[in-house]
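Data first, discussion second: the structure below is written as structure tokens.
The values are calculated or read from the model by the stated rules, or taken from the named source; none is laboratory data. Since the model is a prediction, treat every value here as computed from it, not as a measurement. Positions of Cβ are generated from backbone atoms using ideal geometry, with glycine treated the same way; all protein chains shown enter the neighbour counts. We work out accessible area using only protein heavy atoms, side chains counted, and drop any ligands, DNA or RNA first. Shrake-Rupley method; radii C 1.70, N 1.55, O 1.52, S 1.80 Å.
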Protein chains: 2
Amino acid sequence: MVLAEDLAKQQRSISVAEFFEKNKHLLGFDSPTRGIITTVKEAVDNALDACEEAEVLPDIFVAIRKVGTDVYRITVEDNGPGIVGKNVPYVFGKLLYGSRFHQIRQSRGQQGIGISAAVLYAQLTTGVPALVISRTGANAPAHRFELMIKTETNEPDVLVHEEIDWDRTHGTRIEIEFRSTLAAKKRLLEYLRYTAVVNPHARITADIDGELTVFERVSSEVPPCPKAILPHPHGIEFGALKRIAAVSAEPLDEFLVNSFSRVGKKTAEEMIALANLKPRRKVKGLEAEELKRLLAAMQQVKVPAPPAQQCLSPIGEDLIRKGLEKEIPLDFIKSRTRPSTVFSGHSFIIEAAIGYGGKLPAEGSGQILRFANRVPLLYQQGACAITGCVSQVNWKAYGLSQAGLPAGPVLIMVHVASTNVPFTSESKDAIASIPEIEREIVLVLQELGRELKTYLNRRDKKKQQDDRARAICSIIPEIAAKVSDIVELPPLDTSPIEGKIMRKLVAKKRTSDGTVSIDVHNYTAREIAFTLYNLSRDDAADAEPKPDFVDAFDGEYNKVWKCLLAPGTVWQVTYSGSGDGSIDLRGVEENQKVVVDLDV
Amino acid sequence: MVLAEDLAKQQRSISVAEFFEKNKHLLGFDSPTRGIITTVKEAVDNALDACEEAEVLPDIFVAIRKVGTDVYRITVEDNGPGIVGKNVPYVFGKLLYGSRFHQIRQSRGQQGIGISAAVLYAQLTTGVPALVISRTGANAPAHRFELMIKTETNEPDVLVHEEIDWDRTHGTRIEIEFRSTLAAKKRLLEYLRYTAVVNPHARITADIDGELTVFERVSSEVPPCPKAILPHPHGIEFGALKRIAAVSAEPLDEFLVNSFSRVGKKTAEEMIALANLKPRRKVKGLEAEELKRLLAAMQQVKVPAPPAQQCLSPIGEDLIRKGLEKEIPLDFIKSRTRPSTVFSGHSFIIEAAIGYGGKLPAEGSGQILRFANRVPLLYQQGACAITGCVSQVNWKAYGLSQAGLPAGPVLIMVHVASTNVPFTSESKDAIASIPEIEREIVLVLQELGRELKTYLNRRDKKKQQDDRARAICSIIPEIAAKVSDIVELPPLDTSPIEGKIMRKLVAKKRTSDGTVSIDVHNYTAREIAFTLYNLSRDDAADAEPKPDFVDAFDGEYNKVWKCLLAPGTVWQVTYSGSGDGSIDLRGVEENQKVVVDLDV
């Protein structure tokens, strides 16, 4: 039997660096392939955060170069504010060290783990120290470090520190070398592309093993950096309240106003009265029982939601739509930014967009783009609350087929912006199931679903109408001819029949024996002004009447006629040609016109 | 513009306790409901590990009691070896402190985080310190602690420490009080039930708010405690090699033999020669380049897999089957334990079982039971590699319908036993996608799938044969009678026709006018010995021939005839009765017989 004394000898502290070295998959280093993406992501996130804080338009350079069998050197350089020399070793050489962990505001990095984990991974797989250069301004020297992490203690190990000349006046450069592969190059470019989509103010230049890709900025406005706010009284837990109370020198009434967001003098008084405490008592001296009463009172008194405008930075409906349209051709797109709301005292905003058609694949599951605090999420789609919500919505009600996820040429984008994004793991791949967040996502998806349904209905109706018109216009004359033939009477003019059915402006194009004729019937009861566009390879030099103008480009001729047509009359043009191409009527409402190309 | 100096003021260390307090969902404390399950799980895991190490049959008591509005007190007490007094504060009051992190062997707890996280959660939500009592033997006093964690430093905060009388000679008791609900009571009982299934040597007694459930042990053999092994030369990374080399005083040849598992003198020499180094050189003095050559050589030289028998503790096919059958009625069950194999130098064994029919629901997805190192996994099924593998197998090929997961009355159990289970997060809910592990899981599921298919085929064939026989035996005589009638000839004997079709032993039972007759035709070409069982409410007192024996029980009579039947002949018994109940032929292969009950 092993005795407790024997076991005791084995019990000891584990450094957080040892922990993450053994559990490196928790940080997104589960495979050499993924290591590159994780490293780039962490470095780019830091660069964007720093530029935002310094109100600088980010200019980020990413390079990946093969330096040996299965060994790659990853470089990320930014034009951010830089890091003061004495802090560099901690920022890159110590896990759980950073500036954003204790602040309540939206930021990409939160934990102070990411980039040090890359340094840890490098020293584990190649033993090569990380190279860091940073400079904080024109009057400061650039600092150059070669550093590693002492795994047993989680402290930085500085091998080289020198001041050097650097051509940048401010910014940071990191170079890390580890065992990897470029198998996920496509995914890496995808990460950079979507990062550019949700950070339209950033320019990202990527040199991947010699191949250059530039994601140009589309906006030169730096989004305002979210400001840190105080904790919200409804979100605080007993342990945290006890801790801040213990270090306060203030009396209760001032403490509440100065330590919590949205608590004014009146609200504080209400809380204190409800807790049956004295306003001028020093909080430091409160007993546990009194603090519990205070906490209960803080929950009970109504307090406005945290000031989300200040601490969050949503992308906005407009920029989401523009960003997506720039990258993906779509027939339809709608975006929504929901009002801010709260889970456990943390503000959050859900933004989403739905796209349809265009070049999206017609078969299979729709595409889901997930973002958190302006960072694309690439892995663990199945484990993410966003995916869960997408599956949960009844897309059949909105005109899509569905097998878990909606199917067909559909794209769904969801962005969760929060002062504390609840990820399912430190690798920040998936958002945890928080009922408040899920509720908001489902709501916004349903809103967008209804928009999609309206679009699909209109499209279907339009298609049905066009099909019907085509059938009528092509069959009725034939029937009429047949009938005339049988009854041995001259051919009937079928236009009034069509008109009776249609009551619209009807444009028909038909070609026979090298003559193209387009006629437009006004079956309505009023005069209509319209513009006829005819794009084809026919130059229509002999057109009668002549087009108002012609755009010739690359062997194609866009011929434009502007007309005014009285009710019950017909306008016609004829020209010699093959009759290919298309026609279009503009200046007339969709439901007021029918365009039939009998040559197609 | 914010300057680097301003940012620097905000940069600071984050204690691991602060980190996990903010990210408590990473440890399975995402909701008050789940908190109870996580706490019980961590405490029970620790108890089972400690009992295994001490070779004690575990006797674990779990109590959950409501002590206030939304506040529960969770108690777990075990009869393990206890914890020496001076270590108790660290085991319970410091995250990342434990005995199993640095050992290479299968254990439930690995990180030294779990139970301290529960203490952290308690002080956060109620501020009530954890109560711990531990005693290491009859000659030692029991130590009683009330303790918390200093969040800013991740150090224990001992409020009370006293020596007390305790009726146990050895064991540990922890009581933790936090805000929670009992909404997941069913899941908690499920966790305890499946824990008992895979730990058949443990007795677990649960008192959940006054309701007592005992999971009795079914085996009184303590499974051997897995022994720690040395790292395997194929699994070591450069950083780790550098670290152990730096603290070694040995020459290279001894270092390799003494620091790695499965490396003997000859293998060491081979590695050293391949690396072009001198065997007697002190490893401490090796340059980085030399170490890299050594590492490459260590990977190249063939080394047997790590000694899995020693460091792993699979459940075994027999106990898996027995354990599942005890809890779930099934028509069919097969289990498999795969040979041990390796990922990144970590040994692992996959065990799995497949069950079918019984009381499993006929509709919907099959049930998946996931285990890792003898611990049931309850959450994040969708994110788990096990689920991924189950979906990946083509179950249609094995006779099941499938929509992602296999559907119908099927149960799939998978156990991953490893010296380092790669979980997707610290909450240890789901296994990460490791190709080697996934490959083994898919292989074992395919093996079991083939077994299932054989079973289903046999069952289907049997059913088809029976249907066909029933059709023939009931319709042919009628047709014959009709034909005889029409042609006005005496009724034909249809038996030879049936026999020609069947070439089997055919037993037929039919009842008319209160007379039951059972005849057995031997349509085969050889003499057959068989036993006929006829279970019904008829006592068959006038049976001719008389049964060889009759079992009477509770108004039913099981009548048994033993016969020997020449080829081409028929044996018959008749008796008065209602003809209810069933007949069965034994001693004859399934595919050699047809049993038809025309009364059903």
Three principal axis extents, largest first, for the C-alpha atoms of the stretch B:250-369, in Å? 67, 25, 20
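Can you give the average number of partner chain beta-carbon atoms within 10 Å of each beta-carbon in peptide A:381-388, as a whole number?
Working: counts 1, 7, 9, 2, 0, 0, 1, 1.
For peptide A:381-388, the averaged partner shielding equals 3.
Normalised by the residues of chain A, what does the relative contact order come to in percent, with Cα pairs under 8 Å and at least six apart?
Details: 1214 pairs, mean separation 58.9, N = 600.
Value for chain A: 10 percent.
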What does the convex hull of the Cα atoms come to per residue for the stretch A:238-300, in Å³? 71
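Stick to the Cα atoms of the stretch A:315-456, pair each with every other, and give me the Kirkwood hydrodynamic radius in Å at one decimal. Could the numbers behind the result be given before it?
Working: mean 1/r = 0.0666 Å⁻¹.
By the Kirkwood definition, the hydrodynamic radius is 15.0 Å.
Among all helices in chain B defined by DSSP H, which have a length of 30 Å or more along the axis from Cα atoms plus a Kyte-Doolittle mean of at least -1.0?
Numbers: long enough: B:32-54 (34 Å, -0.11); B:435-487 (74 Å, -0.48).
Qualifying helices: B:32-54, B:435-487.
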On average, how many beta carbons from a partner chain sit within 10 Å of the beta carbon of a residue in B:119-127? 4
What is the packing order of peptides A:36-42, A:224-230, taking the mean over residues of other C-beta atoms within 10 Å and listing the highest first? A:36-42, A:224-230
Could you please state how large a percent of the accessible area of the protein assembly as shown is carbon and sulfur, counting protein chains only and using a 1.4 Å probe? 51
Distance in nm between pseudo-label sites at B:T69 and A:Q309 (7 Å out along the Cβ direction from Cα): 3.5
With every protein chain present, what accessible area does A:K463 have (1.4 Å probe, heavy atoms only), rounded to the nearest 10 Å²? 130
For chain A, with the dipole built from +1 on Lys and Arg beta-carbon atoms and -1 on Asp and Glu ones, taken about the Cα centre, which of A:L274, A:V71, A:G399 lies farthest toward the positive end? A:L274
In nm to one decimal, list the spacings between the A:Q465 label point and its equivalents in the other copies, with label points set 7 Å along Cα to Cβ, shortest first. 6.8
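Is it possible to state the helix-based mean residue ellipticity at 222 nm for the protein assembly as shown, with each DSSP H run of 4+ residues giving -39500 (n - 2.57), the sum divided by total residues, to the nearest 500 deg cm²/dmol? What is it? The partial results should precede the final answer.
On the way: 30 runs with 386 residues, N = 1200.
Rounded to the nearest 500, the figure is -10000 deg cm²/dmol.
Residues of the stretch A:315-456: accessible area per residue at 1.4 Å, in Å²? Could the numbers behind the result be given before it?
Numbers: 4850 Å² over 142 residues.
That works out to 34 Å² for each residue.
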Please identify which residues in the stretch B:1-21 have an amide N closer than 18 Å to a label point set 7 Å out from the Cα of B:E152, following the Cα→Cβ vector. B:9-21
Can you find, among A:P435, A:I354, A:P251, the residue farthest towards the positive end of the dipole of chain A? Put +1 on the C-beta of Lys and Arg, -1 on that of Asp and Glu. A:P251
Alpha carbon centroid spacing (whole Å) that separates the stretch B:322-385 from the stretch B:47-66: 24
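Antiparallel DSSP bridges in the stretch A:495-597: what percent, to the nearest 5? The partial results should precede the final answer.
Numbers: 35 of 40 bridges.
Bridges in the stretch A:495-597 are about 90 percent antiparallel.
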Based on alpha-carbon centroids, what's the gap between the stretch B:158-194 and the stretch B:230-272 in Å, whole number please? 43
Projected onto the charge dipole of chain A (unit charges on the beta-carbon of Lys, Arg, Asp and Glu, signs +1, +1, -1, -1), the Cα from A:V128, A:G235, A:I104 with the largest positive-side position is that of A:G235
Once the Cα atoms of the protein assembly as shown are picked out, what are the Rg and Dmax in Å? 39.1, 124
Where the label is 7 Å out from Cα toward Cβ, how close does B:E544 come to the same position in every other copy, in nm, shortest first? 11.5
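If contacts are Cα pairs under 8 angstrom and at least 6 residues apart, what is the relative contact order of the stretch A:495-597 in percent? Numbers along the way, then the final one.
Working: 232 pairs, mean separation 38.9, N = 103.
Answer for the stretch A:495-597 is 38 percent.
Determine, for each peptide in A:390-398, A:355-363, B:426-434, the mean count of other beta carbons within 10 angstrom over its residues, then list the peptides with the highest first. Write out the running numbers ahead of the final one.
Working: A:390-398: 17.4, A:355-363: 14.9, B:426-434: 23.7.
My ranking of the peptides, most packed first, is B:426-434, A:390-398, A:355-363.
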Dipole in debye (nearest 20) - the protein assembly as shown, about Cα centre, beta carbon charges: Lys, Arg +1; Asp, Glu -1: 1220
Going 7 Å from Cα along the Cα-Cβ axis for the label, what nanometre distances separate B:P304 from the same residue across the other copies? 7.4
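Beyond 45 Å, what percent of the Cα pairs of chain B remain?
Numbers: 72873 of 179700 pairs.
Cα-Cα pairs of chain B separated by over 45 Å account for 41 percent.
What do you reckon, how do B:K22, B:K94 stack up by accessible area (1.4 Å probe), largest on top?
Numbers: B:K22 55, B:K94 25 Å².
Ranked from most to least accessible, the order is B:K22, B:K94.
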Suppose every K and R has +1 on its Cβ and every D and E has -1 on its Cβ; what is the size of the dipole of the stretch A:238-300 about the Cα centre, in Debye to the nearest 20? 80
Based solely on C-alpha atoms, express the radius of gyration and the Dmax of the stretch A:33-138 in angstrom. 13.8, 44
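If you place +1 on the Cβ of every Lys and Arg and -1 on the Cβ of every Asp and Glu, how big does the dipole about the Cα centre of chain B come out, in debye to the nearest 20?
Values: 75 positive and 79 negative charges, 417 e Å.
Here chain B has a charge dipole of around 2000 debye.
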All-pairs alpha carbon distance profile, the stretch A:495-597, 10 Å steps from 0, percent: 15, 50, 29, 6, 0
At 1.4 Å probe size, what's the solvent-accessible area of B:H161? Round to the nearest 10 Å². 100
Heavy-atom accessible area of B:L3 with all protein chains present, probe 1.4 Å, nearest 10 Å²? 80
Full-extension gain between B:E590 and B:K463, please, as 0.36 nm times their residue separation minus the C-alpha to C-alpha distance. 44.6 nm
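Am I reading the B/A interface right? What is its buried accessible area, both sides, 1.4 Å probe, to the nearest 100 Å²?
Numbers: alone 28810 and 28860 Å², together 51550 Å².
Roughly 6100 Å².
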Per residue of B:80-88, count partner chain C-beta atoms within 10 Å of its C-beta, then hand back the mean as an integer. 4
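Express the relative contact order of the stretch B:238-300 as a whole percentage, based on alpha carbon pairs under 8 Å and six or more residues apart in sequence. Before the final figure, lay out the partial values.
Numbers: 64 pairs, mean separation 26.9, N = 63.
Relative contact order of the stretch B:238-300: 43 percent.
Going from most exposed to least, what order do B:Y575, A:Y523 have by accessible area with a 1.4 Å probe? Can you show the working numbers first?
Numbers: B:Y575 5, A:Y523 45 Å².
The most accessible residue leads, giving A:Y523, B:Y575.
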